[in-house]
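K.L.:
Would you mind keeping the following structure in view while I ask a few things?
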């Protein structure tokens, strides 16, 4: 049975359960139940992680499986009239929460799906604050028409800490990134 805990809901936006592994039948089941819960409990939107197969070259031989999950999600969400957003979420090492296979390869991410852009995930692996800011703005500008929702948080560029925006994400950046988009400040 799938249940929802308070850490999955922020500002009326639901975050689907994540498995942190390559796509299997469980992903389809979890996504279906998350979409159904989003509809039944009247959440504003549902965010789920992009399949690993569409984020890291190491899994690219299974891109068809990742694409099938996205197609399933898009069709199911449309049927239930749920706003579904796909989040950039590179695979992390459990414990230190640092990058396992490096940053995601945006060339693998489909250009025709609605995205949740997690700026804290995008800054992971940057060598400086300036590099992190440039990377965030570059991806945002490249994918701005796809980005419908934002997860805003910071980290130390190495570990996914979910810290409050302060050093990397400036107030000016927040104003620029959030224009005409929904967003949450992730904790």
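Please treat every number below as a calculation from the coordinates, not as lab data. Quick caveat: nothing in here was measured; it's all calculated off a predicted structure. With ideal geometry, Cβ positions are generated from the backbone for all residues, glycine too; neighbour counts draw on all protein chains shown.
K.L.:
Can you work out which of the residues in segment 108-132 that are touching a helix residue (DSSP H, G or I) at 6+ places or on another chain (Cβ under 7 Å) and surrounded by fewer than 19 Cβ atoms within 10 Å (Cβ to Cβ) is farthest from residue 58 (Cα to Cα)?
P.N.:
Checking each candidate, the answer is 113.
K.L.:
Moving on. Is it the case that some residue within segment 162-171 is assigned to a loop (DSSP other than H, G, I, E, B), surrounded by fewer than 20 Cβ atoms within 10 Å (Cβ to Cβ), in contact with a helix residue (DSSP H, G or I) (Cβ under 8 Å, 6 or more places away or on another chain) and touching a residue at least 40 places away in the same chain (Cβ under 8 Å)?
P.N.:
yes
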